[in-house]
Amino acid sequence: MLHEVLLIALKDLRVEWRSKVTLGQVAPMGLLVLVVFAFAFDANTRLLELGAGGLFWVAVLFGGTLLIQRAFEVETDDGNFDAFRMSTIRAPSLFLGKSLGIFIQVVLLELVLGPGIVLLYNVRIDDWLLLLAAALGGTLAFSVCGVLWGVMAAGTRVRATLLPLLLVPILAPVLLAGSRAFETAFGVRAEAGWTWASLMFVIAAVHAAVGMGTFGFLLEES
Amino acid sequence: MSPARGNKYMTASPATRVLGVVAVAAALLMALLGLIVSPADVVQGQAVRMLYLHVPSIWIAYGAFVLTAVSSALFLIRSRRREDSGRHHDRLAGAAAEVGVVFAGITLVTGMLWGRVTWGTYWQWDARLTTTVLLFVTYLGYLALRRLPADPMIRGRRSAVMALISIINVPIVHFSVDWWRTLHQKASLSVGRRPEITGEMYWTLLYSTLAVTIVASWLIVHRYRVIRLEELRDEEALNALIASRLREDE
Amino acid sequence: MSTVVDFQKVVAVAGGFPVLAGLDIEITKGEIVHLRGSNGVGKTSFLRACAGLLQIQNGDATVLGFDLRDDRIAPRRYIGLLGHENHLYKDLWVREHLEFRAAAVGADQHDVEAALQRIGVSERLWAVPIERLSAGQRRRVAIASVLVGRPQLWLLDEPHAALDREGREVLDEILIDAASSGATVVLASHERDLSKSVTSRVVTLRGGRLWEDSGAA
């Protein structure tokens with residue numbers, strides 16, 4: 001099982017390494033989003049500092065959705081899903097492997113966006129541990145949800161427009177929890193950031209369980 | 001839930017015709033009670049009348065989404081045992097979701113109008129309004145997924161999984177939004193005092209809930225039958241195609 | 001001789017259209033069957049149904065001893081499918097892709113180089129992204145991906161498309177070898193006189209059904 005999961009994840013990361021889509025295109029786009037937010041708030045530094053946590057997660061959502069599109073485009077492009085269906089790899093492994101691949105790519109994206117908000121929005125980090133825990137929980141939740149909805153949208157012709165519609169409402173609690181936890185970590189909001197962070201782990205666990213249970217027949221097209 | 005024999009292409013049966021008449025009468029009586037008979041609220045004045053549609057609508061919306069989830073679960077269980085069985089659960093899930101979306105929409109519109117009158121603003125980031133709008137969009141996505149052309153069984157399973165995740169997500173969304181709003185410093189704009197619901201207003205609300213439930217059930221039954229007819233049409237077209245292909249070379 | 005594929009009055013539907021409309025066909029072990037017919041007669045659908053990728057609506061279908069109506073997942077591990085598409089990750093290098101495919105079907109990594117050499121993908125291309133290969137070279141890599149899995153049943157959809165003469169000859173040799181070592185091959189092509197020397201049987205489809213069968217050679 002672990003062997004299969006790693007096989008899939010490493011394949012996806014290798015595709016990324018060869019094509020450099022995350023680092024070369026999605027991460028710069030994420031930075032652009034951060035800049036554009038400053039336009040929207042008229043470069044009001046106080047507002048940007050207060051909202052930095054939320055803006056970070058909105059940028060992650062934008063960029064991450066593109067990564068999920070890309071991860072499934074690679075599979076549908078040349079009929080590669082057929083090859084998976086014909087392989088000995090079990091569906092839960094495929095689900096977890098794809099999720100792991102997305103997870104690592106979103107972490108890369110966050111490693112660009114994180115310094116971005118620190119520098120652009122003048123953010124100070126009070127609680128590093130909470131920040132890391134929230135980033136981990138939020139990224140896990142995003143990855144498993146994204147892969148679960150990604151495969152549902154992948155079998156359809158309208159996947160590019162369908163995926164965000166399905167993904168965003170389901171991820172709303174993650175956005176909310178991530179924003180609040182980050183704001184606590186930045187010291188702009190005295191709140192139970194840890195409870196928000198744990199909520200994201202719960203969401204990740206729920207979707208991981210559903211995904212492992214249902215990925216097998218979501219993969220079949222006929 | 002199939003209509004009487006002999007009128008296979010109709011969506012009505014004698015029983016649902018009666019239900020339809022009852023639904024229309026119930027709705028008329030509800031308008032009479034809600035708009036004329038029941039008194040205006042001391043605090044909220046005439047705006048309170050919106051309540052008689054608003055409260056039953058949200059109850060129907062949640063009820064319909066639960067029905068969608070239960071039907072979806074049954075469909076997944078049935079369709080695992082034998083392919084092509086349990087299609088009626090899938091149809092019911094789809095019909096209920098459509099009606100649920102309509103009533104969630106009514107809830108939002110009446111809620112916003114009410115907010116305009118009592119709070120002076122259409123939208124408050126109130127926990128319940130926010131949860132409802134997210135729910136509304138989630139199920140719009142569900143309907144979009146259902147509409148996509150695919151093998152009926154595949155589409156059924158795909159949307160069943162989405163229905164289950166969506167219902168699991170309801171408490172998560174509600175909890176997080178509620179928590180977000182309560183932990184947040186209260187909005188400076190004070191949330192209007194809830195009207196005291198007693199006497200005639202109480203009975204009117206109770207009756208409205210019944211009336212709206214009847215209307216919603218009638219809609220679900222008919223949507224179910226329309227979906228069934230659509231499937232029947234596709235199946236008959238397919239059978240004719242198979243038959244003509246079989247004849248082709250003989 | 002054991003039966004590998006046994007279809008009885010099989011009906012299968014794709015996109016609301018009966019792509020297989022009462023197909024009867026029996027294929028035994030070691031055969032190389034050339035599936036023929038014009039566009040849209042059900043060649044691809046038959047291959048996909050054999051692979052368990054297309055649901056059977058009606059009739060009985062058995063592949064490698066598995067009843068497809070009960071379980072269409074289990075036989076897949078013994079089947080090698082080459083579709084219209086090549087099933088390639090275009091960003092990966094040729095060797096990386098093959099190694100991944102081999103691992104995904106539980107094949108031996110040592111077979112990767114042998115397969116590439118056998119199909120005639122020259123060594124200088126092994127560390128080149130698939131994206132940069134020509135159509136014919138990609139087809140060869142795709143065939144190598146099937147070859148490493150050592151399938152018991154080969155399902156090939158227009159395998160000769162895009163291949164040059166030398167490539168076709170190499171593929172024919174590979175198929176003959178596979179058949180003589182106990183595998184079964186079904187290849188679809190609308191070309192009439194394709195690889196006469198290779199195929200042991202020519203089956204023509206029409207309207208989703210069997211039209212003409214030369215019978216086992």
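Criterion first (of a type in the set (A, V, I, L, M, F, W, C), open to solvent by less than 10 Å² (accessible area, probe 1.4 Å), more than 9 Å from chain B (Cβ to nearest Cβ) and not in a loop (DSSP other than H, G, I, E, B)) does A:Leu171 satisfy it?
On the way: of a type in the set (A, V, I, L, M, F, W, C): yes; open to solvent by less than 10 Å² (accessible area, probe 1.4 Å): yes; more than 9 Å from chain B (Cβ to nearest Cβ): yes; not in a loop (DSSP other than H, G, I, E, B): yes.
So A:Leu171 fits the description; yes.
Does the range A:191-208 hold any residues that are surrounded by fewer than 18 Cβ atoms within 10 Å (Cβ to Cβ) and more than 10 Å from chain B (Cβ to nearest Cβ), and which are they?
Matches in the range A:191-208: A:Trp194, A:Ser198, A:Phe201, A:Ala205.
All but one of (1) surrounded by fewer than 24 Cβ atoms within 10 Å (Cβ to Cβ); (2) at pLDDT 90 or above; (3) over 13 Å from the mean Cα position of the chain (by Cα); (4) not basic (Lys, Arg) hold for A:Leu166, so report the exception by its number.
(1)
With A:Val5, A:Val35, A:Val26 as the choices, which residue is in contact (Cβ under 8 Å) with a residue 40 or more places away in the chain, in a helix (DSSP H, G or I), closer than 28 Å to A:Glu220 by Cα and of a type in the set (Val, Ile, Thr)?
A:Val5
Would you mention how many residues in the range C:150-179 are more than 13 Å from C:Glu85 (Cα to Cα), in a loop (DSSP other than H, G, I, E, B) and open to solvent by 30 Å² or more (accessible area, probe 1.4 Å)?
Result for the range C:150-179: 3.
Which condition number in (1) in contact with a helix residue (DSSP H, G or I) (Cβ under 6 Å, 6 or more places away or on another chain); (2) outside any helix (DSSP H, G or I); (3) more than 12 Å from chain B (Cβ to nearest Cβ); (4) at negative phi is the one that A:Arg124 fails?
(1)
Out of the residues in the range B:127-165 meeting the condition of being of a type in the set (D, E, K, R) and either open to solvent by less than 40 Å² (accessible area, probe 1.4 Å) or on the phi > 0 side of the Ramachandran plot (or both), tell me which one is farthest from the other protein chains (Cβ to nearest Cβ).
If we take residues in the range B:127-165 being of a type in the set (D, E, K, R) and either open to solvent by less than 40 Å² (accessible area, probe 1.4 Å) or on the phi > 0 side of the Ramachandran plot (or both), then B:Arg146 is farthest from the other protein chains (Cβ to nearest Cβ).
Please state which of the following conditions C:Ile130 fails to meet, knowing it meets all the rest: (1) within 12 Å of chain A (Cβ to nearest Cβ); (2) under 16 Å from C:Leu187 (Cβ atoms).
Of the numbered conditions (1) within 12 Å of chain A (Cβ to nearest Cβ); (2) under 16 Å from C:Leu187 (Cβ atoms), the odd one out for C:Ile130 is (2).
Search the range A:42-91 for residues being touching a residue at least 60 places away in the same chain (Cβ under 8 Å) and not in a helix (DSSP H, G or I), and hand back the single one that is farthest from the other protein chains (Cβ to nearest Cβ).
The qualifying residue farthest from the other protein chains (Cβ to nearest Cβ) is A:Arg90.
Counting only residues that are closer than 16 Å to A:Asp77 by Cα, β-branched (Val, Ile, Thr) and more than 8 Å from every other protein chain (Cβ to nearest Cβ), how many does the range A:144-158 have?
1
Go through A:Leu119, A:Leu111, A:Leu100, A:Leu66 for me and flag whichever is within 28 Å of A:Arg180 (Cβ to Cβ), out of contact with any helix residue (DSSP H, G or I) (no Cβ under 9 Å at 6 or more places or on another chain) and open to solvent by 20 Å² or more (accessible area, probe 1.4 Å).
It is A:Leu119.
Could you grab me the full set of residues in the range C:180-199 that are in a loop (DSSP other than H, G, I, E, B), at negative phi and either modelled with pLDDT under 90 or out of contact with any Gly (no Cβ under 8 Å at 6 or more places or on another chain) (or both)?
C:Ser181, C:Ser189, C:His190, C:Glu191, C:Arg192, C:Asp193, C:Leu194, C:Lys196, C:Ser197, C:Val198, C:Thr199
Would you mind stating whether A:Phe95 is buried (at least 24 other Cβ atoms within 10 Å of the Cβ), closer than 22 Å to B:Met162 by Cα and touching a helix residue (DSSP H, G or I) at 6+ places or on another chain (Cβ under 8 Å)?
yes
The values are calculated or read from the model by the stated rules, or taken from the named source; none is laboratory data. Small disclaimer: the values here were computed from a predicted structure and weren't measured. Ideal geometry is used to build each Cβ from the backbone, glycine not excepted, and the neighbour counts take in all protein chains shown. Side chains included, ligands, DNA and RNA excluded: accessible areas come from the protein's heavy atoms. Shrake-Rupley method; radii C 1.70, N 1.55, O 1.52, S 1.80 Å.
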